[in-house]
Ligand code: 6PG
């Protein structure tokens with residue numbers, strides 16, 4: 001008789017297939033199922049040939065081939081398809097069985113699914129899985145959250161297949177209840193957007209202003225990869241820039257319009273909802289939106305005239321400034337991402353462990369980098385750290401980089417190189433480190449036109465005042481509500 005499976009995976013697109021192969025490599029017996037069942041045979045006769053992977057041709061068949069409690073991991077398109085599978089699984093599952101959603105689901109959907117399934121006695125886990133095809137195959141970063149009761153049964157599988165840090169720790173930890181796992185994955189993706197946009201801004205600065213060719217650009221990124229910027233995204237950038245096929249450099253033939261599947265946008269929306277100034281990620285999303293308007297940009301360039309960038313010679317001082325600017329902006333972006341997670345943790349009653357999150361992102365995922373080790377160390381030193389920018393190590397990096405950042409941002413503004421993410425990082429920092437901002441004037445304006453009231457510097461906070469700015473003799477103020 002065939003051995004029963006430890007876990008089933010639904011969805012045999014590349015991520016699903018690779019996760020199954022990864023689980024198989026680690027000694028787990030996996031049942032593979034796909035709605036279009038011809039894919040199951042293709043997989044069994046293709047990549048899965050010679051493995052212990054078991055094929056299933058219906059949900060019933062799949063469940064009958066699993067050990068109890070049954071664990072079913074969905075690797076299907078986020079959104080409605082996840083709900084459809086959950087609906088067809090529910091009547092066939094028993095109490096204590098586990099459904100795991102490994103797609104890029106919106107955390108609010110995961111919260112809802114946890115609640116629904118809890119009532120039925122079925123466990124639900126929403127897990128972030130990062131690292132693309134290669135990560136799934138050889139070690140992704142995994143961010144599970146949902147119903148903690150189910151964690152012990154899936155923990156051995158997840159810990160085994162996850163990426164490992166240089167110290168051998170698995171890049172997978174329990175994140176928190178409800179949608180916490182998918183939330184942390186969403187922030188990961190937002191940070192991914194920021195890191196990518198910053199690299200693109202540095203690329204344009206060097207390509208258009210310094211007029212460097214692809215080989216030179218690639219060499220600079222390779223060089224930066226030996227510094228604090230060492231990361232997967234810098235590494236692949238260096239590879240991309242020098243990559244040639246028979247028609248030459250591929251990078252020069254790619255249309256400059258960015259796509260997006262929505263996780264960066266969700267991060268921005270959530271930050272607006274929670275009132276967190278996640279400026280760098282938001283600018284990165286908008287930069288993709290501007291890029292997508294190719295025809296309008298062509299028209300606008302014709303209308304205003306093509307920019308003539310002033311001749312700017314390359315120098316090691318300028319490259320150093322640029323490297324420092326990337327590092328500075330990266331610190332700001334992560335500080336903002338952590339601010340969002342800290343606020344979300346309170347708002348949604350998760351108890352997020354910030355050091356563990358840095359550990360989960362250390363290897364396997366798209367934003368993996370040496371830098372994350374430093375974030376983990378900061379939270380290990382001070383688990384209650386209010387903000388990454390209040391850590392002494394990051395303070396020293398920021399202070400060292402600041403003069404460079406100001407020079408690069410000024411250069412970009414002076415010459416017309418758009419650097420929205422880098423510029424927003426500096427603006428955020430300047431606002432964040434200013435005890436007195438011009439919001440006194442803003443409050444006065446609100447009070448002037450709408451009697452919205454204001455608090456005073458010389459009175460206890462929480463008391464509200466209204467001035468009769470136009471001598472109307474009215475002392476009616478607007479009713480108070482704040483978003
Ligand atoms: C990952 C990635 C992945 C994401 C792609 C595309 O962690 O492996 O974040 O989940 O889907 O990077 O995202 P966009 O299409 O939004 O750029």
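So the values come out like this:
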| item | result |
| --- | --- |
| Output for the range 387-397, where each listed residue is surrounded by fewer than 20 Cβ atoms within 10 Å (Cβ to Cβ) and in contact (Cβ under 8 Å) with a residue 12 or more places away in the chain | 387, 393, 397 |
| Every residue from the range 429-443 that is free of Cβ contacts under 8 Å to residues at least 24 places away in the same chain and surrounded by 14 or more Cβ atoms within 10 Å (Cβ to Cβ) | 443 |
| Residues (in a helix (DSSP H, G or I) and in contact with a helix residue (DSSP H, G or I) (Cβ under 9 Å, 6 or more places away or on another chain)) located in the range 63-87 | 63, 82, 83, 85, 86 |
| Identity of the residue in the range 27-42, surrounded by fewer than 18 Cβ atoms within 10 Å (Cβ to Cβ) and in a loop (DSSP other than H, G, I, E, B), that ends up farthest from the chain's Cα centre (by Cα) | 37 |
| Residue among 263, 296 that is more than 18 Å from residue 208 (Cβ to Cβ) and surrounded by 22 or more Cβ atoms within 10 Å (Cβ to Cβ) | 263 |
| Residue among 102, 132 that alone is within 16 Å of the ligand (Cβ to nearest atom), surrounded by fewer than 17 Cβ atoms within 10 Å (Cβ to Cβ) and either at pLDDT below 95 or closer than 19 Å to residue 262 by Cβ (or both) | 132 |
| Among residues of the range 9-22, those that are in contact with a helix residue (DSSP H, G or I) (Cβ under 8 Å, 6 or more places away or on another chain) and over 17 Å from residue 99 (Cα atoms), counted | 6 |
| Candidates 378, 329 - the one that is modelled with pLDDT of 95 or more, more than 19 Å from the chain's Cα centre (by Cα) and within 29 Å of residue 104 (Cβ to Cβ) | 378 |
| Sole residue being assigned to a helix (DSSP H, G or I), surrounded by 21 or more Cβ atoms within 10 Å (Cβ to Cβ), more than 15 Å from the chain's Cα centre (by Cα) and away from the ligand (no atom under 14 Å from the Cβ), chosen from 217, 198 | 217 |
| The range 230-259, residues that are more than 14 Å from the ligand (Cβ to nearest atom), in contact with a strand residue (DSSP E or B) (Cβ under 8 Å, 6 or more places away or on another chain) and not in a helix (DSSP H, G or I) | 230, 243 |
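The values are calculated or read from the model by the stated rules, or taken from the named source; none is laboratory data. Note that the coordinates shown come from a computational prediction; the quantities given were computed from them, not determined experimentally. All Cβ positions, even for glycine, are placed from backbone atoms using ideal geometry, and neighbour counts span all protein chains on display.
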